[in-house]
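Undergrad: Okay, here's the structure, questions in a sec.
What follows is calculated from the coordinates using simple rules that are stated; it is not laboratory data. Bear in mind that the values here come from a model prediction, so they are computed numbers and not experimental data. Cβ placement follows ideal geometry from the backbone for every residue including glycine, while neighbour counts extend to all protein chains displayed.
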Amino acid sequence: MIPAGMTDTASSATPRLRLSGITKAYPSVVANQGIDLAVLPGEIHAVLGENGAGKSTLMKIIYGVVQADEGTIFWEGREVAIASPADARRLGIGMVFQHFSLFETLTVGENIALALEADRAGAELPARIREVSTRYGLPLDPLRPVYSLSAGERQRVEIVRCLLQDPRLLIMDEPTSVLTPQAVDKLFETLRQLATEGCSILYISHKLDEIRSLCHKATVLRTGQVTGECDPRGETSSSLARMMIGSDLPHARHRDAHVGEPTLVVRNLTLPAEDPFGTSLKEIDLCVRAGEIVGIAGVSGNGQNELMAALSGERTLQDSHTVTILGTAAGRLDAAQRRAMGLAFVPEDRLGRGAVPEMSLADNALLTAHRKGMVRHGFIREGVTRHYAAATIAAFGIKASGADAVAQSLSGGNLQKFIVGREMRQRPKVLIAAQPTWGVDVGAAAQIRQALLDLRDSGVAILVVSEELDELFEICDGLAVIARGRLSEVKRLRETSVEEIGMLMSGALVQAAGC
Amino acid sequence: MLKLEPRPEPSRVAGWLSPLLAAAATVVVGFILFTILGKDPWLAFHAFFIKPLATQYGVGELLLKATPLMLIAVGLAAGYRANVWNIGAEGQLTMGAIFGGGIALYFQESASPLLLPAMLLAGVAGGMLWAAIPAFLRTRFNANEILTSLMLVYVATLTLSLLVHGAWRDPEGFNFPQSRMFGDAALLPILVPETRLNVGLPLALAVVAMAWLFMRRSLAGFQMRVAGLAPAAAIYAGISSRRTIWLGMLIGGACAGLAGIGEVAGPLGQLLPSASPGYGFAAIIVAFVGRLHPPGIVLASLLMSLLYLGGESAQVNLALPSAVTGLFQGTLLFFLLAADVFIHYSLRVARVPVRSTRLPGLR
């Protein structure tokens, strides 16, 4: 085990990990270029950057998932080659991924045993799991099956799995994206304790306030290069943002809402889950009026996907009156029929659902916007289609070679902008957007939020589902929380707080009616 | 170490080069194969690819055999693009032959100009009916259409066999299992004298053009392609999967049925225990060698037809066993399909990562 009692800044010490001139190129992009980085023992070191800045590639190089084209890695002063994650683990590097890699049907203990080397996965493992998990304030029952765990608990499994291997460097990739605010506080306590004991932590995030409160040092990446280093405790969020995106953070203009008629109404929606690990929806009531944005907060996996499918018509309902669009019962209508009524929908998954990866942007415009004069006598009017795609590209400043660009050739953020733009430009009466800025860089996210607000001001009823509480508080007029398939009442924004929403996200619900 | 890396975008150059690469590889393998068998490889290639095309009659035969292949393949391709796996074109072809042939036998004495169109329509209807069964089973009970359409092939061929051995057997046919010869009004007119080539070819080409127009330019065709490429996107956009399955099966059935009546009203001129030498199955290969693209399918059907004729010619002229000609044909088709991998992947020489054997920090 790591000797306890090391202080957090041993500036004279040899860096635990030092990278020198790391470069990695992919066929279409240089992901990392000449990156230097040093992490001291007991240091919580933030790697800060927008999506696509090269953070993930760098972490994969350190963890041995990919190999750098050039550059050297020093581990405690010695040059090493890390050819695989097994090599990395042997050195003492542990990684907690953004997306969990757990087997749903196995227990916590079995999942952990799978990752350990044979001599460590013996009969005493459950006792060791309990010991380590309580010592770091991460209570876990080794005998519980993983499917019964919340996202926060799953993350604990991943962290404990790393801790059992006595890591001397722990890599955390966007660890808070699935946690409630309260769970984030707990996680930070654990990380601080680990650092005090001498474990170094590489903390990847784009959430500026988290980095300011947690990290001792920050390295900022932009387009694959190091653009700055700082002590985040002495910086402001806007100064960090300037280092990260090279300009000031745009702020959305939020005018008062002029609320109209109830436009999207859900009454007593109960829907059993389709797959065994899905979430059943229970007695959901919701009302979105014209000219307002209602947000749904919640930790992912609490019924958001099921609710979106039921509202968009991807899954049709038994009772027609559970979903009403513009006063018409729509529960039994399919997605095409609901779109014909004026519904537009931005789904969570871009490639393969919101867009066909192999098709051009013009064809992807046709996918949902074909009612906008793109078809005559059953045949496609290519001029109209291409024009629509080109206009969307221009209006949203999308980086694409044109209407003929294949959807999968766009970066995630640009494709997201295209899908958002395609849906918005259909002049819907109701817009449903799931994670509208997920994976989008800060500048583009601000642009999408502003576009949502502008659409609201033109009298559209908008429902936004997001895991980013900051985003919901920035753009919404009302906020509801989904937890374990139940939806709370819609709180007016000025009558609630991050703390209250956080409480609701953890499942303490007050059920109330919609309109 | 050689490594296949996905290309960011499909390569157009590789799209044109891959058939050439396949041809070169086939020549190499064929050269070895024929040399081992003690035949002059150049004579074998000549027998396979040149001799069948040396006469006008030969070219007519080439086009005659290519006609049902392109017709069926273009219908199947519409379904395959939408992930509707109709494997039973042979059965739908047979049903088309039975329905259309039944009309010809019933109106044996008729000289009406409407007889032939009626037969063609009945053939289309027969193929569609046979394809409707797997479509219904799939949409109603989620039964796999690969299995149901394939099994219905045997039902269809046995039904035809039953008819020509029984009810429809030619009373003056010395007990041979075959129907009466069709009347002149029930036969497709010959296109080029001294050959067996009939108006089925321009008909098939027209169908290919229509299919191309449907898949490329119509909203329904577009939606079928979406359903094939990204099923979740199809559900998201509200494209009905039931309609996709029905359309995919019925288009394939209609084309196969038309090919079936084209065979019995063309080169056969009567109903025999079998309506085709396996065109319905060969068309599956034609569809994929043609990359599910109508113009590609036309070229692939010509190639397949040439391989049929070349195989016969090689057996006759060089006394090659039929297994060897089959092997050679398979080699070419295999290389054609395999070479298409370079459209989406590029070949790279990858550096072998250096593995450090002495790792510090081992505990």
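Undergrad: Given Cα pairs under 8 Å that are at least 6 residues apart, what percent is the relative contact order of the range A:358-425?
TA: About 39 percent, as a whole number.
Undergrad: In the calculated pair distance distribution of chain A, what percentage of Cα-Cα distances lie above 36 Å?
TA: Counting pairs separated by more than 36 Å, the tail of P(r) holds 37 percent.
Undergrad: Mind checking which lysines have their Cα closer than 20 Å to the Cα of B:LYS51? Skip sequence neighbours fewer than 8 apart in that chain.
TA: The qualifying lysines are B:LYS39, B:LYS65.
Undergrad: Another question about this same structure. Could you work out how far helix B:219-229 tilts from the main Cα principal axis of chain B, as a 0 to 90 degree angle to the nearest 10?
TA: Computed tilt is about 50 degrees.
Undergrad: Quick one: net charge of A:ARG154's neighbours, Cβ under 12 Å, K/R +1, D/E -1? List each step's numbers first, then the result.
TA: Numbers: positive: A:ARG144, A:ARG156, A:ARG161; negative: A:GLU104, A:GLU153, A:GLU158.
The answer is 0.
Undergrad: Would you work out if the range B:24-138 is rounded, prolate or oblate? Take a ≥ b ≥ c from the square roots of the eigenvalues of the alpha-carbon gyration tensor; rounded if a/c is under 1.5, else prolate when a/b is larger than b/c, oblate otherwise.
TA: Oblate is the answer for the range B:24-138, as a/c is 1.5 or above yet b/c matches or exceeds a/b.
Undergrad: More than 47 Å apart: what percent of Cα pairs in the protein assembly as shown qualify?
TA: 40
Undergrad: Let me ask you something else. Taking a cut-off of 36 Å, what percent of all Cα-Cα pairs in chain B are separated by more than that?
TA: Values: 19841 of 65703 pairs.
That tail contains 30 percent of the Cα-Cα pairs.
Undergrad: Rounded to the nearest 20 Debye, what is the dipole magnitude of chain B about its Cα centre when Lys and Arg each give +1 and Asp and Glu each give -1 at the C-beta?
TA: So the magnitude is around 2000 debye.
Undergrad: Which FRET efficiency value, to the nearest 0.05, do you get for B:VAL192 and B:VAL316 by plugging their Cβ-Cβ distance into 1/(1 + (r/R0)^6) with R0 = 30 Å?
TA: 0.80
Undergrad: What's the longest piece of chain B with no exposed GluC sites (Glu not before Pro), counting a site as exposed if DSSP puts it in a loop and it has at most 16 other beta carbons within 10 Å?
TA: B:195-363
Undergrad: Expressed as a whole number of Å, what is the distance separating the alpha-carbon centroids of the range A:466-489 and the range A:323-341?
TA: 23
Undergrad: Using modelled backbone amide H atoms (1.01 Å from N, in-plane), which distant-in-sequence or interchain residues come within less than 5 Å of A:PHE345's amide H?
TA: Long-range HN contacts for A:PHE345: A:ILE432.
Undergrad: Here's something else I'd like to know. How far is helix B:115-141 tilted off the main Cα axis of chain B, in degrees rounded to 10, range 0 to 90?
TA: In chain B, helix B:115-141 runs at an angle near 50 degrees to the longest axis.
Undergrad: Ranked by Cβ crowding within 10 angstrom, fewest neighbours first, how are B:TRP42, B:TRP130 ordered? Let's see the in-between values first.
TA: Details: B:TRP42 10, B:TRP130 30.
Least to most surrounded, the residues fall as B:TRP42, B:TRP130.
Undergrad: Divide, for the range A:358-425, the radius of gyration over alpha carbons by 2.2 N^0.38 Å, where N is the residue count.
TA: Relative to the 2.2 N^0.38 Å estimate, the range A:358-425 comes out at 1.01.
Undergrad: Just to confirm my numbers, what's the Cα centroid distance between the range B:156-215 and the range A:378-451 in Å?
TA: 53
Undergrad: If Lys and Arg each add +1 and Asp and Glu each add -1, what is the summed charge of the other residues whose beta carbon sits under 9 Å from the beta carbon of B:GLN178?
TA: Around B:GLN178, the surrounding residues sum to +1.
Undergrad: Okay, moving on. For the protein assembly as shown, build the charge dipole from Cβ charges (+1 Lys, Arg; -1 Asp, Glu) around the Cα centre, then report which of B:VAL316, A:LEU366, A:SER312 sits farthest towards its positive end.
TA: With unit charges placed on the Cβ atoms, the residue in question is B:VAL316.
Undergrad: Pairing the Cα long axis of helix B:279-289 with the longest principal axis of chain B, what angle in degrees results, from 0 to 90 and rounded to the nearest 10?
TA: Roughly 30 degrees between the two axes.
Undergrad: Taking N as the number of residues in the range A:150-227, what value does Rg over Cα atoms divided by 2.2 N^0.38 Å take?
TA: 1.12
Undergrad: So how far, in whole Å, is the C-alpha centre of the range A:253-285 from the one of the range B:303-354?
TA: 57
Undergrad: Using 19 Å as the Cα-Cα cut-off, could you pick out the over-long pairs in A:LYS399/A:LYS429; A:LYS186/A:LYS491; A:LYS186/A:LYS207; A:LYS55/A:LYS207; A:LYS399/B:LYS3; A:LYS24/A:LYS55?
TA: A:LYS399/A:LYS429; A:LYS186/A:LYS491; A:LYS399/B:LYS3, as the Cα separations exceed 19 Å there.
Undergrad: What list of ³J(HN,Hα) couplings, whole Hz, do you get for the range A:270-285 from phi and the Karplus terms 6.51, -1.76, 1.60, once you set θ to phi - 60° and write x for glycine and proline?
TA: With coefficients 6.51, -1.76 and 1.60, one gets 10, 8, x, 5, 7, 10, x, 9, x, 10, 7, 8, 10, 6, 8, 10 Hz.
Undergrad: Quantify how strongly other chains surround peptide B:207-218 by giving the mean number of their Cβ atoms within 10 Å of each of its Cβ atoms.
TA: On the way: counts 0, 0, 0, 0, 0, 0, 1, 2, 0, 3, 5, 5.
That average works out to 1.
Undergrad: So how strong a dipole does the range B:65-281 carry about its Cα centre when Lys and Arg Cβ are +1 and Asp and Glu Cβ are -1, to the nearest 20 debye? Don't skip to the end; give the middle numbers.
TA: On the way: 12 positive and 8 negative charges, 191 e Å.
So the magnitude is around 920 debye.
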